[in-house]
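To keep things clear, I will list the structure first and then write my remarks on it.
The values are calculated or read from the model by the stated rules, or taken from the named source; none is laboratory data. Predicted model, so just to flag it, every value in this text is computed and none were measured. Virtual Cβ from ideal backbone geometry, glycine too; neighbours counted across all protein chains shown. SASA here: full protein model, heavy atoms, side chains in, ligands and nucleic acids out. Shrake-Rupley method; radii C 1.70, N 1.55, O 1.52, S 1.80 Å.
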Amino acid sequence: MTRDLLQNKAGGQTIRAALAYGRSRLAGSGSRSSVLDARVLLGHVTGLTREELIVEEGRELSQAEWQRFDALVERRLAHEPVAYLVGEKEFFGLSFKVTSDTLIPRPDTETLIEVALGFCRELTHPPRILDLGTGSGAILLALLHACPEASGVGIDRSALALDVARQNARDLGLTERAHFVQGNWAAGLDGPFDVIVTNPPYINTADMTDLMPDVVRFEPAGALDGGPDGLDPLRLIAPDAVRLLSSPGLFCAEIGLGQAQAAKAVLKQEGFQAVKCVPDLNNIPRCVTAEPPISGKMEA
Ligand code: GLN
C-alpha cells in the first residue's frame, strides 16, 4: 500500500485509478458517501463535469492535479465537509459559494423556500423580503431568483458571512435586488416587509456535542447553537418580526425536530395569528409560519 501510495503521489494516474483510490480511502474511514465525495473532489480538481469524468476516465492526471486531489481526500478523511473543500453547494437548483463562516445550505431548508415562494406568488405587488441570519444568502437569493419582481434584505452579524452572501448575489446577477446588512437580527431595522424568513440556530446547546463531526468541527457553532431549548434566537426575533411584517404578510422560520409546539407558542405569545407548521419531505415539522396580528380595528 505504501509503495502504491508513493507511486500514486508521483502522478501519472488515470482518472479511473484516482477515483478508485479516493473511494477506497474514504470508504475505509466509514464514509457512506465515498463514491460521490471522490467524484466531486476529483471534478473540482480537474474542472471536469461528472459526465466528463466518465468519458475521460483513461486520461492521466498531472502531478499537481494528483497532489491536490490527494490533499482534499486527506482533509475529507478528517471530516471536513465536501462543500467547504470545493467552496460551493447546490441549493434549490442554484450553486452557492460557502466558506467555514457560513452554514452549508441543506435540502431541509427547501421547505421554507417553497412556503415563502407560494406566498410571494399570491401577492399583487412586488414582494419585499427580509432574511434574518442570512449566512451565505442562500434563502434570500433563492427566493429572489425564483421571484423576479421581489427585492430583499439579508442580515447577518458576521461580516465574513456577508462577504460570501454578496459574492453569491453577484454570481447570480441579483445585486440590484439583494441588500446585505450587518446587524443583530432585526434590531433597529425599518420595515415593512411582506415576507420575513429565517433559518436561525436551533440546536439545543446540550445536543451540540452529538452532532456529526463534519458539522460540529467545521460549521460555525454560532449558526447552530440555539441555547438551552434551541429556541432562544426565535424568541429574540419574534418581537421585531411582528413590528416589521406587513399585513398581509408571512413570517417563516425553520425549526428542528420536536420544536413545533414550543415554537408555535413563542409566536402566538408575540401576537402572531394563523400560526402553523409545515412538514418537510420526511414529514417532520420543519417550518413554522405565522401571519401578522389582526390590526387594532374593532367592530362596532
Ligand atoms: N439543520 C441543521 C443541522 O441539523 C441545523 C440548522 C440550524 O440550526 N439552523 O445540522
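Filtering the stretch 69-86 to residues that are without any contact (Cβ under 8 Å) to a residue 24 or more places away in the chain and within 22 Å of Asp156 (Cβ to Cβ) leaves only Ala83.
With respect to the conditions (1) farther than 15 Å from Val82 by Cβ; (2) loosely packed, with under 15 Cβ neighbours inside 10 Å; (3) polar (S, T, N, Q); (4) in contact (Cβ under 8 Å) with a residue 40 or more places away in the chain, Ser29 lacks only one, and its number is (1).
Going through (1) open to solvent by less than 30 Å² (accessible area, probe 1.4 Å); (2) outside any strand (DSSP E or B) one by one, Phe96 falls short only on (2). Taking the conditions (1) farther than 29 Å from Pro293 by Cβ; (2) more than 13 Å from the ligand (Cβ to nearest atom); (3) touching a strand residue (DSSP E or B) at 6+ places or on another chain (Cβ under 8 Å) in turn, Arg177 satisfies each one other than (1).
For the stretch 169-188, the set of residues classified as in a helix (DSSP H, G or I), touching a Ser or Thr at 6+ places or on another chain (Cβ under 6 Å) and not small (Gly, Ala, Ser) is empty.
On the given criteria, is Pro213 under 19 Å from Ile104 (Cα atoms) and in contact with a Gly (Cβ under 6 Å, 6 or more places away or on another chain)? Spell out the reasoning first.
Working: under 19 Å from Ile104 (Cα atoms): yes; in contact with a Gly (Cβ under 6 Å, 6 or more places away or on another chain): no.
Answer is no for this residue.
Can you find even one residue in the stretch 64-83 that is within 16 Å of the ligand (Cβ to nearest atom) and out of contact with any Asp or Glu (no Cβ under 8 Å at 6 or more places or on another chain)? Yes, the stretch 64-83 has at least one match. Filtering Asp240, Asp232 for residues that are among the acidic types (Asp, Glu), open to solvent by 20 Å² or more (accessible area, probe 1.4 Å) and within 21 Å of the chain's Cα centre (by Cα) leaves a single hit, Asp232. Against the list (1) touching a residue at least 60 places away in the same chain (Cβ under 8 Å); (2) within 13 Å of the ligand (Cβ to nearest atom); (3) under 24 Å from Gln167 (Cβ atoms), the condition Thr111 fails is (3).
Candidates in the stretch 189-207 are the residues that are within 12 Å of the ligand (Cβ to nearest atom) and assigned to a loop (DSSP other than H, G, I, E, B); of these, the one that is surrounded by the fewest Cβ atoms within 10 Å (Cβ to Cβ) is Asn204.
Taken over the stretch 208-222, the criterion of being in a helix (DSSP H, G or I) and either more than 9 Å from the ligand (Cβ to nearest atom) or open to solvent by 40 Å² or more (accessible area, probe 1.4 Å) (or both) is satisfied by Met208, Thr209, Asp210, Pro213, Asp214, Val216, Arg217, Phe218, Ala221, Gly222.
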